Amino acid sequence: MLEAKQLSKTYQGKEALKPTSFTVNKGDIFCLLGANGAGKTTTINLFLGFIEASGGRALINNIEVKMNDSATRKMTAYIPEVVQLYGNFSGIENLDFFSRLAGFSYPTDALTHFLNKAGLPKAAHANRLATYSKGMRQKVGIAIALAKKADVIFMDEPTSGLDPKATAEFTTICKELASEGKSIFMATHDLFNAVNVGTHIGIMREGSLVHTLATRDINANQLQQLYLETI
């Protein structure tokens, strides 16, 4: 679903992302680790078409990503660290609004289904977003991705600020989405959750993808040691 071919980005002579290549297949959960400034968010922004590559190619389902190109954006959804929704709207109203922006119009029972599937308690569907926790906001973001019929879901620091229960719920939802053929690409600092939720892990340092490995080949303690040695 995702492929980087010598993908790079330079800002004013500084290499934010050095030529990088990797593949994320259908049903994969790829967790990208690295210190702040390592190039994780730059990589996501290139695939989302928010910024233009300086070199190489980013492909989604074999279609090259270009800035502000609707062809690849229709296949993707993005859940940032802080999900930006309308605080005065309810969860279901936010879902309806953002679904319509993406070109989809759903009846109430379908909207309810998406929120339920994302793990948002039914009692919260009609409550204003201003009353939601971060984990609940994330679930609305996941429901929007489902309603948008996104093949690939990008996430930036999705477990930051979540308590253990919310993190466990998030992990379960991600695994369910992957089992249904969705591909998930997340930037994270959470090494232990990366081992738990991911199928593959990448470690970045100073704009370079230094390691890529399958989570079945490493445990949390080994990953922590490799990460500390790398950064």
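Read the figures in this text as sums done on the coordinates, not as results from a lab. The model shown is predicted, which means the values in this text are computed figures rather than measured ones. Cβ atoms come from the backbone with ideal geometry, glycine included; neighbour counts cover every protein chain shown.
Tell me the angle of helix 134-147 to the major Cα principal axis of the chain, expressed in degrees between 0 and 90 and rounded to the nearest ten. Between the helix axis and the principal axis of the chain, the angle is about 90 degrees. Taking the Cβ of LYS9 as the centre, find all other residues whose Cβ is under 11 Å away and add up their charges (Lys, Arg: +1; Asp, Glu: -1). After counting each charged neighbour, the total is 0. Mean residue ellipticity at 222 nm, helices only, the chain: -10500 deg cm²/dmol; runs of at least 4 DSSP H residues each add -39,500 (n - 2.57), and the sum is divided by the number of residues. Distance between the 7 Å Cα→Cβ label points at LYS165 and THR108: 2.9 nm.
For ASP96, what charge total do you get from the other residues with a beta carbon under 13 Å from its beta carbon, if Lys and Arg give +1 and Asp and Glu give -1?
Details: positive: ARG100, LYS148; negative: GLU93, ASP109.
Net local charge, ASP96 excluded: 0.
Using a cutoff of 8 angstrom between alpha carbon atoms and counting only pairs six or more residues apart, the relative contact order for segment 138-231 works out to 23 percent. Taking amide hydrogens as placed 1.01 Å from N in the peptide plane, the amide H of MET204 sits under 5 Å from those of LEU33, GLY34, VAL210, each at least 5 positions away in sequence or on another chain.
The distance between label points at ALA123 and ASN61 comes to 3.9 nm (points 7 Å beyond Cα on the Cα→Cβ vector). For segment 78-143, the spread of Cα positions along the three principal axes, ordered from largest to smallest, is 26, 24, 21 Å.
Normalising by the residue count of the chain, find the relative contact order in percent from Cα pairs under 8 Å and 6+ residues apart.
Working: 451 pairs, mean separation 63.9, N = 231.
Here the relative contact order equals 28 percent.
Average projection, convex hull of the Cα set of segment 1-123: 9.4 square nanometres.
Simple rule: put +1 on each Lys or Arg Cβ and -1 on each Asp or Glu Cβ in the chain, find the dipole, and look at ALA178, THR20, ALA71; the Cα lying farthest toward the positive end is ALA71.
The simple spin-label model puts a point 7 Å past each Cα toward its Cβ; for ARG216 and SER21 those points are separated by 2.4 nm.
DSSP beta bridges fully contained in the chain are about 55 percent antiparallel. Three principal axis extents of the chain based on alpha-carbon atoms, in descending order, are 47, 39, 31 Å. Using C-alpha pairs under 8 Å with a sequence gap of at least 6, the mean separation divided by the residue count of segment 48-128 gives a relative contact order of 25 percent. Let me check I've understood the local charge: for ALA58, count other residues with C-beta under 12 angstrom from its C-beta, Lys and Arg +1, Asp and Glu -1. What total comes out? Overall, the nearby charge balance is 0.
Within a straight-line Cα-Cα reach of under 22 Å, LYS26 can be paired with the following lysines, leaving aside sequence neighbours fewer than 8 residues apart in one chain: LYS5, LYS40, LYS66, LYS74, LYS117, LYS139, LYS148, LYS149, LYS175, LYS182.
Take each of the peptides 42-50, 165-173, average the number of other beta-carbon atoms within 10 Å over its residues, and list them starting from the highest. The partial results should precede the final answer.
Values: 42-50: 21.3, 165-173: 16.2.
Ranked by mean Cβ neighbours within 10 Å, highest first: 42-50, 165-173.
Overall, segment 150-205 carries a charge dipole of about 160 debye about its Cα centre when +1 sits on the Cβ of Lys and Arg and -1 on the Cβ of Asp and Glu, all other atoms neutral.
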